[in-house]
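Asks: Dropping the structure in here first, questions after.
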Amino acid sequence: MSNPQPLEEEVYDMSGARLALTLCVTKARKGSEADLDALERMFQQLGFESTMKRNPTAQQFQEELENFQQAMDARDDFISCAFVVLMAHGLEGRLKGEDEKMVELENLFEVLNNKNCRALRAKPKVYIVQACRGEHRDPGETVSGDDIVMVAKDSPQTIPTYTDTLHIYSTVEGYIAYRHDEEGSCFIQTLVDVFTERKGPILELLTEVTRRMAEAELIQEGKARKVNPEIQSTLRKRLYLQ
C-alpha cells in the first residue's frame, strides 16, 4: 500500500481589502451592544473596513446586503474577503427584522455567491449568524462527540456557484441561541476572543470556538444548558485572518 501524501496547503490571498457588514437588531435583544463592541474590536484588529447597521427591517436586511454587493463590484481595488454578521431573533432559515417581519436567510446568502457578486468570485465569504434556529433547549448529554469534517472538491476552469463560503451559526438547527443581558452572547464573545487571540486557519479557530462553547455551562431559567455553534463550509483553501 502506498504512503498517503500530506495535503498541499493552498491558501486564500489575503493581501487585498477586507470588508465587513454587520446587520443587528438591538431592539428587545439585550446584550447586543456588547456583541457589537466586541465585533468592532475584532474587525479593527484584523484589518477590516467595517460597516454596522442597527435595527434593520426585514426588507432592509436584503437591501443593505445588496448595497454591500454593488459597492464591492464597483470598486477597482482587489478585495480579499467579506464577512457578514447577522444578529436578530429568528427561526430556522429566517431572521426577524426590526419590523417583526421575516427575511429568508437563503435570499441573503444568495446576494454574495459566485454568480451574483463578481468582486467575491472565488474569494472567501464568511457569514456569522447569531439568532435562534428554533425552540429546542439542550440540557447536554454525557457522551464524547465526533469531529465534523467538511471537504470541498476543486474545479480549475469554472467554479461552482456556492463555493468559498463559510456559514457559522450560533447554534444548531432547531435550537435556541443564548444571550446575556449585559455581557452579550456566549457565541459572539467566544468567537471574538478566539479570532483575536489565536492564529491558524479559520476552520481550526472555529473548532476551538466550538470546544470552548461545548465546555461552557449556561444557566437559563435556573437550569444548566448547553449550546454549540454549527459550521458549514465550502471553502476550497485555507483562510488565515492573522
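Asks: How much of the accessible area of the chain, probe 1.4 Å, is carbon plus sulfur, in whole percent?
Replies: Percent of accessible area from carbon and sulfur atoms in the chain: 47.
Asks: Mind sorting out which of [x] 28, 24, 16; [y] 49, 25, 13; [z] 38, 21, 17 is the real semi-axes √(5λ) of the Cα gyration tensor in Å computed from the coordinates?
Replies: [x]
Asks: Now, a different point. For region 1-91, state which chymotrypsin sites (Phe, Trp or Tyr not before Pro) are in a DSSP loop and have at most 11 other beta carbons lying within 10 Å of their beta carbon.
Replies: Taking region 1-91 and a limit of 11 other Cβ atoms within 10 Å, the loop chymotrypsin sites (Phe, Trp or Tyr not before Pro) found are Phe78.
Asks: Modelled label-to-label distance, Thr26 and Lys115, 7 Å Cα→beta-carbon offset: nm?
Replies: 3.7
Asks: Now for a different question. Could you count how many Lys pairs in the chain have their Cα atoms under 23 Å apart, skipping same-chain pairs fewer than 8 positions apart?
Replies: Taking the Cα cut-off of 23 Å, the pair count is 24.
Asks: A further question follows. What is the dipole size for the chain, taken about its Cα centre, with +1 at each Lys and Arg Cβ and -1 at each Asp and Glu Cβ, in debye to the nearest 20?
Replies: Dipole about the Cα centre, nearest 20: 200 debye.
Asks: Over the chain, average the accessible area per residue using a 1.4 Å probe and give it in Å², no decimals.
Replies: 53
Asks: In nm, to one decimal, how far is the Glu104 label point from the His180 one, both placed 7 Å along Cα→Cβ?
Replies: Between Glu104 and His180, the simple spin-label model gives 3.8 nm.
Asks: Can I ask one more? Please state the shape class of region 28-120: rounded when a/c is under 1.5, otherwise prolate if a/b exceeds b/c and oblate if not, all from the C-alpha gyration tensor.
Replies: It is oblate, given that a/c is not under 1.5 and a/b is not larger than b/c.
Asks: Place a point 7 Å from Cα of Ala71 in the direction of its Cβ. Which residues in region 1-44 have their backbone N less than 12 Å from it?
Replies: 19-23
Asks: State, as an integer percentage, the relative contact order of the chain based on alpha-carbon contacts under 8 Å between residues 6 or more apart.
Replies: Relative CO of the chain lands at 23 percent.
Asks: On a full-extension model of 0.36 nm per residue, what is the gain between Leu91 and Thr207, subtracting their alpha-carbon distance, rounded to one decimal in nm?
Replies: Numbers: separation 116, 0.36 × 116 = 41.76 nm, distance 2.44 nm.
Contour length minus the Cα-Cα distance gives 39.3 nm.
Asks: Which longest run of the chain has no exposed loop site in it, a site being trypsin sites (Lys or Arg not before Pro) in a DSSP loop with at most 10 other beta carbons within 10 Å, and the site itself not part of the run?
Replies: Details: sites that count: Lys153, Lys199.
For trypsin sites (Lys or Arg not before Pro) (loop position, at most 10 other Cβ atoms within 10 Å), the longest site-free span of the chain is 1-152.
Asks: Before rounding to the nearest 500, sum -39500 (n - 2.57) across all DSSP H runs of length at least 4 in the chain and divide by the residue total; then give [θ] at 222 nm in deg cm²/dmol.
Replies: The helix contribution divided over the chain gives -8000 deg cm²/dmol.
The values are calculated or read from the model by the stated rules, or taken from the named source; none is laboratory data. Keep in mind the model is a prediction, meaning the values are calculated, not measured. Counting neighbours? That spans all protein chains shown, and the Cβs are built from the backbone with ideal geometry, glycine included. The accessibility values were calculated without ligands, DNA or RNA, using every heavy atom of the protein model including side chains. Shrake-Rupley method; radii C 1.70, N 1.55, O 1.52, S 1.80 Å.
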